[in-house]
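Here's the structure we're looking at; comments come further down.
The values are calculated or read from the model by the stated rules, or taken from the named source; none is laboratory data. No experiment lies behind these values; they were computed from the predicted model shown. Cβ coordinates were reconstructed from backbone atoms using ideal geometry, including for glycine residues, and neighbour counts include every protein chain displayed.
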Amino acid sequence: MNREEDTRANLEQRGISDTNLLKILAWDSSFFGYTVGKIAAKEIRVATINKIINEARRKDVKLLYLFMNASDKVSQHSAEMVEAKLVDKKVTFSLKIGDAVFERDNHIELLMTGYPSDKLIQLAIQSGLYSRYKIDSNFKNNEFEKLYTMWIINSVNKKIADYTFVYKEEGVEVGLVTLKLGDNDGQIGLMAVDENSRGRSIGKKLVYAVIGSLKDKNIDYVHVPTQEDNKVACKFYRSIGFEEIKTESIYHIWL
């Protein structure tokens, strides 16, 4: 029995078939207006991906996301063989709150629930410069802008974030960060500083606001994902004490 057959046998013993590795994403499908699926598996082989692709076609899937650990050479080779498009290397950084020092800044306000201003929507869109939804040219209907607009709307109204911090200068919003709380950690979602206001430590002050809020709640860790290609963001997080804990490769397969 070869390695792929052995893997399949182990899956079948647990009641998992190749095609059950395909997950239909209800929110993405509803939002984009076509069926979107996701595959997340370790050391996935070409034959397995092709079987899942055939099943996806039967289910009228238009777009498949393929997630894998960046060190998974087997899955990366398989993705290349089926001509999947590498659209993102997502790096997750983590900071232990107990080790962090921070200062509070009176330019930062905690935004209460409501509807984001046009400026906040612009900032949210600016934050997605390296987003796979912008990078992938197969998106033809302004999906990137619509997605980031919905992201900030649902963050401000607390559907997907618990806090939205805004940095203001003379009443003008020039930076924002959103935070979702977990049991013993927090995750930064959107993080943006206006392109005309960068280089003045506004991003650092926004992260300090996050650290302060988590410290007040005795929460131990904060995580933030970004794109490996976003060298400025990666350098920024490392400079204030964050450490890289995970890197994922994300591919798109259009059917």
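It is to be established whether one or more residues within region 144-155 are within 30 Å of HIS252 (Cα to Cα), buried (at least 21 other Cβ atoms within 10 Å of the Cβ) and small (Gly, Ala, Ser). Yes.
Only one residue in ASN184, ASN142 is out of contact with any His (no Cβ under 9 Å at 6 or more places or on another chain) and free of Cβ contacts under 8 Å to residues at least 12 places away in the same chain, so which one is that? It is ASN142. Entry remark, region 117-140: residues being in contact with a helix residue (DSSP H, G or I) (Cβ under 8 Å, 6 or more places away or on another chain) and over 18 Å from ILE188 (Cα atoms) number 3 in total. Per the listing ILE135, ILE125, ILE121, the residue uniquely at pLDDT 95 or above and touching a strand residue (DSSP E or B) at 6+ places or on another chain (Cβ under 6 Å) is ILE135.
Check ILE160 against each of (1) part of a helix (DSSP H, G or I); (2) in contact with a strand residue (DSSP E or B) (Cβ under 8 Å, 6 or more places away or on another chain) and name the one condition it does not meet. In the conditions (1) part of a helix (DSSP H, G or I); (2) in contact with a strand residue (DSSP E or B) (Cβ under 8 Å, 6 or more places away or on another chain), ILE160 misses (1) alone.
When you scan region 21-44, do you find a residue that is over 23 Å from the mean Cα position of the chain (by Cα) and either of a type outside the set (A, V, I, L, M) or at pLDDT below 95 (or both), even just one? There is no residue in region 21-44 that is over 23 Å from the mean Cα position of the chain (by Cα) and either of a type outside the set (A, V, I, L, M) or at pLDDT below 95 (or both).
Checked against (1) at pLDDT below 95; (2) closer than 16 Å to ALA84 by Cβ; (3) of a type outside the set (Phe, Trp, Tyr), ALA56 passes all but condition (1).
What are the pairs, 6+ residues apart or on separate chains, where a residue within region 232-249 that is touching a residue at least 12 places away in the same chain (Cβ under 8 Å) has its Cβ under 7 Å from a residue that is assigned to a helix (DSSP H, G or I)? Going by the 7 Å Cβ cut-off, the qualifying pairs are PHE236/GLY203; ILE240/LYS204; ILE240/VAL207; GLY241/ASP99; SER249/GLN76.
Of all the numbered requirements in (1) free of Cβ contacts under 8 Å to residues at least 60 places away in the same chain; (2) farther than 22 Å from ILE202 by Cβ; (3) assigned to a helix (DSSP H, G or I), TYR148 misses one, and that requirement is (2). For region 23-42, a residue qualifies if it is surrounded by 16 or more Cβ atoms within 10 Å (Cβ to Cβ) and not in a strand (DSSP E or B), and the qualifying residues are LEU25, ASP28, SER29, PHE32, ALA41. Each residue in region 93-108 was checked for being touching a residue at least 40 places away in the same chain (Cβ under 8 Å) and either in a loop (DSSP other than H, G, I, E, B) or of a type in the set (A, V, I, L, M, F, W, C) (or both), and 10 pass.
Restricting LYS119, LYS90, LYS51 to those that are of a type outside the set (Val, Ile, Thr) and outside any helix (DSSP H, G or I) reduces the list to LYS90. On the given criteria, is GLU109 of a type in the set (D, E, K, R) and surrounded by 15 or more Cβ atoms within 10 Å (Cβ to Cβ)? Judged against the criteria, GLU109 is not a match.
Summed over region 194-225, residues that are over 20 Å from the mean Cα position of the chain (by Cα), farther than 17 Å from GLY182 by Cβ and among the hydrophobic types (A, V, I, L, M, F, W, C) total 2. Considering only residues that are in contact with a Gly (Cβ under 7 Å, 6 or more places away or on another chain) and assigned to a strand (DSSP E or B), which ones fall in region 212-225? If the condition is that a residue be in contact with a Gly (Cβ under 7 Å, 6 or more places away or on another chain) and assigned to a strand (DSSP E or B), then VAL222 is the only one that fits. In region 226-255, the qualifying residues are those that are assigned to a strand (DSSP E or B) and surrounded by 15 or more Cβ atoms within 10 Å (Cβ to Cβ), and the one that is nearest to the chain's Cα centre (by Cα) is THR226.
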